[in-house]
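These notes are about the structure you will find just below.
The values are calculated or read from the model by the stated rules, or taken from the named source; none is laboratory data. These numbers come from a predicted model, not from an experiment. Ideal geometry is used to build each Cβ from the backbone, glycine not excepted, and the neighbour counts take in all protein chains shown.
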Amino acid sequence: MRTGEILARLRERIVGFAASRVGRDSAEDIAQEVLILLHERYAHVESLDELLPLSFQIVRFKVMALRRKAARRGEAAQVAAEDFPLPDGRPDPETAAAQREMRERLIRAIAQLGRRCRRLFALKLGGMGFAGIQAAMGAPSINTVYTWDFRCRRDLLARMGGDWELRQ
């Protein structure tokens, strides 16, 4: 038998053996690596009787190396993306409707508040602290701002119906 025929038959056997252990895609790669190794390092081995056990021993080593590499990288415990649903990030329709209704109630209630309360809420929503609000609104002390904040929140709650949650 010619060397080309021997290598073609050997490749079929290597792919079949490796595929039974690691899958078809990896088996093709392993077979390619084994044939390259046989060509480069074991060119002196020509008989099929010697070549066959040698190639299967190399395949076993390659399969073990592939498994060690997969375990080291954590590939063995991976879950396919198709099997694991990714979160949408958006709220479900019921939650979105409840949030929209709450926002509308809040906007209507804030529109009914006095000018000082609206400005206080605007500054708070802008990220300003109580000391900054004191300076911005010209309050004589920070305790005055605390009092204004308490009264404005109480007034807002009353205008929203006495509760943050909408009762059905």
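In segment 10-56, which residue that is of a type in the set (Lys, Arg) and loosely packed, with under 13 Cβ neighbours inside 10 Å is modelled with the highest pLDDT?
The extreme case among them is Arg41.
Identify, by number, the condition in (1) assigned to a loop (DSSP other than H, G, I, E, B); (2) over 30 Å from Met160 (Cβ atoms) that Gly89 doesn't meet.
(2)
Answer yes or no as to whether Ala109 is touching a Lys or Arg at 6+ places or on another chain (Cβ under 7 Å), at pLDDT 90 or above, surrounded by 10 or more Cβ atoms within 10 Å (Cβ to Cβ) and in a helix (DSSP H, G or I).
Considered against the rule, which asks whether it is touching a Lys or Arg at 6+ places or on another chain (Cβ under 7 Å), at pLDDT 90 or above, surrounded by 10 or more Cβ atoms within 10 Å (Cβ to Cβ) and in a helix (DSSP H, G or I), Ala109 comes out as yes.
Can you spot a residue in segment 123-142 that is in contact with a Phe, Trp or Tyr (Cβ under 7 Å, 6 or more places away or on another chain) and in a helix (DSSP H, G or I)? Before you say what the answer is, go through the steps one by one.
Let us first name the residues in segment 123-142 that are in contact with a Phe, Trp or Tyr (Cβ under 7 Å, 6 or more places away or on another chain), namely 130, 142.
Going one step further and asking which of them are in a helix (DSSP H, G or I), we end up with 130, 142.
Yes, because at least one residue in segment 123-142 is in contact with a Phe, Trp or Tyr (Cβ under 7 Å, 6 or more places away or on another chain) and in a helix (DSSP H, G or I).
Looking at (1) surrounded by fewer than 13 Cβ atoms within 10 Å (Cβ to Cβ); (2) more than 36 Å from the chain's Cα centre (by Cα); (3) not small (Gly, Ala, Ser), find the lone condition where Glu104 falls short.
Condition (2) is where Glu104 drops out.
Before we move on, is Phe56 in a helix (DSSP H, G or I), farther than 30 Å from Leu125 by Cβ and in contact (Cβ under 8 Å) with a residue 40 or more places away in the chain?
Working: in a helix (DSSP H, G or I): yes; farther than 30 Å from Leu125 by Cβ: yes; in contact (Cβ under 8 Å) with a residue 40 or more places away in the chain: yes.
So Phe56 passes the test.
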